[in-house]
Amino acid sequence: MTGPVFTSQSKTCAQWEARADLVVLGSGVAGLTAALRARQLGLRVLVVTKAAVDDGNTRWAQGGVAVVLDGEHDDGDSVAAHAADTVTAGAGLCDAAAVRDIVGAGPAAVARLRALGARFDASSTGLARTREGGHSALRVVHAGGDATGAEVERALVAEAGGRRVPVLERHVAVDALRTPLGEVAGVTVLDPHGVPGVLRAPAVLVATGGLGQLYQATSNPEVATGDGLALALRAGALAADVEFVQFHPTVLYTRGARGRCPLVTEAVRGEGAVLVDATGAPVMRGVHPLGDLAPRDVVSAAITRRMAQAPGGVDDHVYLDATAVPGFARRFPTVHAACAAAGVDPARQPIPVTPAAHFACGGVVTGIDGRTTVTGLYAAGEVARTGLHGANRLASNSLLEGLVLGERAAEAVAADLAAGACADPRLGQPPETDVAPVAERDSLQRVMSRYAAIGRDAEGLAVAGSVLDLSSVDSPLWTQEAVEDAALTLVAAALIAAAARRTESRGCHVRTDHPGRDDAAWRHSQPLRLSPSGQPVLAEKIVEAAS
Ligand code: SIN
């Protein structure tokens, strides 16, 4: 096997060029899993990441991987029960076949990960398991207490290093190369100094993670700027469910915090912690039969309502009382360290918490094999919309999906290459323009947090759309910051369009002017693509949910 080929020749203004069979954008769980599998299948693969190889969203995942392992599960639990919980959380928009398939593939995916050396926490009877919101059984396996993502990333990075998978760190993908027939045949890239280059490949896998940086407060790292979704949309791909952004009920609250806020894993509630308001009254009492372990959309919306009804006016946080959780520091070392840094001792005092943007339930439409609607373009992980999450993702289903879809996408690429179904990468051309609308990031985040977070209405969404339009300036995509800001601007416009049209409340999409769920009119996903002038357009034809 040979590595990718680097040359200095280029037919474009690019100053450097490389070739591979598969370019993987992103080095989180889905990207590295795909790269490793592609390498195993004999493909020349090149991973491109705009930060360091282990700097993505994956390493921040705390709770774990939801999976029902053979012979290691609660009495009465089953893959079917896990699938049923996933569909319930998804509020009517999951694709039931995709759910069955992906959840069913979980045990084998976790076994492969363990075979690579990932170490999960053990109990006296096997792997330790906990519960998170929306799960009817203890089936979330974890590592390092609350550092599951970090362990998954460690194992994958170590394996990729051991197998010499080439990784271009601190390179950002700008746009897809496309053939005259519209097939994807590589990407344009900026190196760490902003020098443009071209990566030619018959297959590109987008595994760039999420878009939490659309909002002022998020559990996501700085890199989560929606780049992959924007790139795929500009390449002609279909997206869906982009209005469903999941807000995690509990990040650590500190006054005026912006950007990535430390997560307080839902597993803390799984071990008995209770959400209370400033008067000590339980937030979830009478709200849902699962109480503090209701699905995330329900808990986040309940906290938001309680904050709005605070006796002294709108409050910006509630509390998580974990004082009765035994051995907190040992069980949740990451959360404990974040609390300690903020001067909070969870063993003695309630933790101040607030909801924050956490996960994009929608994204680039793919099958359960990572294939998108564009030849040569594949997607996996948070950026993809497989139909697993519907209108609200079930806790700890994301690492699971990344493991399963990463593997599958690599296999789909290998099969497509063997069948001659992909384009000749020499035919790929960059887009005619490298200019895109860019809104100033701070005002974009403000307007999205104010009008397009939990609790939206027609008027606010219209304001958000206008502010975005008026403040966007066509800018050249010559720096990583410009590429990210252009992505945030495009993805915000797509989200606002989808949220404005969905005149109901469902899952993570809460409309204060349409508080009820309207199954007769809205039990379907909204597909979205770009018009020839680059505007997000909601397609008339709907994708029927198969559940
Ligand atoms: C958490 O630990 O609460 C987050 C895990 C997830 O988002 O699935």
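The values are calculated or read from the model by the stated rules, or taken from the named source; none is laboratory data. Only a predicted model underlies this, so the values are computations on that prediction, with no experimental measurement involved. Using ideal geometry, Cβ is built from the backbone for each residue, glycine included, and neighbour counts are taken over all protein chains shown. We work out accessible area using only protein heavy atoms, side chains counted, and drop any ligands, DNA or RNA first. Shrake-Rupley method; radii C 1.70, N 1.55, O 1.52, S 1.80 Å.
Brief remarks follow.
- Rounded if a/c under 1.5, otherwise prolate or oblate - region 318-448, Cα gyration tensor axes: prolate
- Neighbour net charge for Gly270 - beta-carbon separation under 15 angstrom, K R +1, D E -1: -4
- Dipole moment magnitude, nearest 20 debye, the chain about Cα centre, only Lys, Arg, Asp, Glu C-beta charged: 460
- The chain: angle of helix 480-501 to the longest principal axis, Cα-based, in degrees nearest 10: 60
- Ala203 long-range amide H proximity, modeled H, under 5 Å: Val23
- Estimated [θ] at 222 nm from DSSP helical runs (n ≥ 4, -39500 (n - 2.57)) normalised by residues in the chain, nearest 500: -9500 deg cm²/dmol
- The C-alpha atoms of the chain define a longest principal axis, and helix 148-162 lies at about 30 degrees to it.
- Listed residues Leu263, Ala232, Ala217: farthest to the positive end of the dipole of region 215-305 (Cβ charges): Ala217
- In the context of the full set of protein chains, the chain has a per residue accessible area of 37 Å² (1.4 Å probe).
- Judged by the mean number of other Cβ atoms found within 10 Å, the most tightly packed of the peptides 63-71, 361-369 leads the ranking 361-369, 63-71.
- Accessible-area composition of the chain, carbon plus sulfur, in percent [1.4 Å probe]: 53
- Each residue of region 57-68 was assigned a 3J(HN,Hα) from its phi angle through the Karplus expression (A = 6.51, B = -1.76, C = 1.60, θ = phi - 60°), giving 5, 3, 5, 8, 4, 9, x, x, 10, 7, 6, 9 Hz with x at Gly and Pro.
- Amide H contacts of Leu177: Ala185, Gly186, Val187, Thr188, each under 5 Å away and 5 or more positions distant or on a separate chain (H built 1.01 Å from N in the peptide plane; Pro and chain starts excluded).
- Whether region 188-313 is rounded, prolate or oblate, judged on the alpha carbon gyration tensor where a/c under 1.5 counts as rounded: prolate
- The C-alpha atoms of the chain define a longest principal axis, and helix 106-115 lies at about 70 degrees to it.
- A simple charge model with +1 on the Cβ of Lys and Arg, -1 on the Cβ of Asp and Glu and nothing else charged puts the dipole of region 1-152 at about 720 debye relative to its Cα centre.
- Distant-in-sequence amide contacts of Arg506, defined by a placed amide H-H separation under 5 Å and a gap of 5 or more residues or a different chain, comprise Arg511.
- For region 453-488 versus region 24-86, the inter-centroid distance based on Cα atoms is 31 Å.
- Computed with every protein chain present, the accessible area of Glu72 is close to 50 Å² [probe 1.4 Å].
- With all protein chains modelled, accessible area of Thr433 [1.4 Å, Å²]: 80
- Filtered trypsin sites (Lys or Arg not before Pro), region 81-143: DSSP coil and at most 12 other beta carbons within 10 Å: Arg119
- Computed from phi, the 3J(HN,Hα) profile of region 439-449 under the Karplus parametrisation 6.51, -1.76, 1.60 (θ = phi - 60°) reads 9, 5, 5, 4, 6, 4, 5, 4, 5, 5, 5 Hz, with x in place of Gly and Pro.
- A DSSP coil position with no more than 10 other Cβ atoms inside 10 Å describes the following trypsin sites (Lys or Arg not before Pro) in region 192-262: Arg255.
- Sorting 382-392, 168-178 by their mean Cβ neighbour count within 10 Å, with the most densely packed peptide first, gives 382-392, 168-178.
- Of the residues Ala357, Ala340, Phe328, the one whose Cα sits farthest toward the positive end of the charge dipole of region 313-374, with +1 on the Cβ of Lys and Arg and -1 on the Cβ of Asp and Glu, is Phe328.
- For region 225-268, applying the loop criterion from DSSP together with a ceiling of 13 other beta carbons within 10 Å to the chymotrypsin sites (Phe, Trp or Tyr not before Pro) yields no site.
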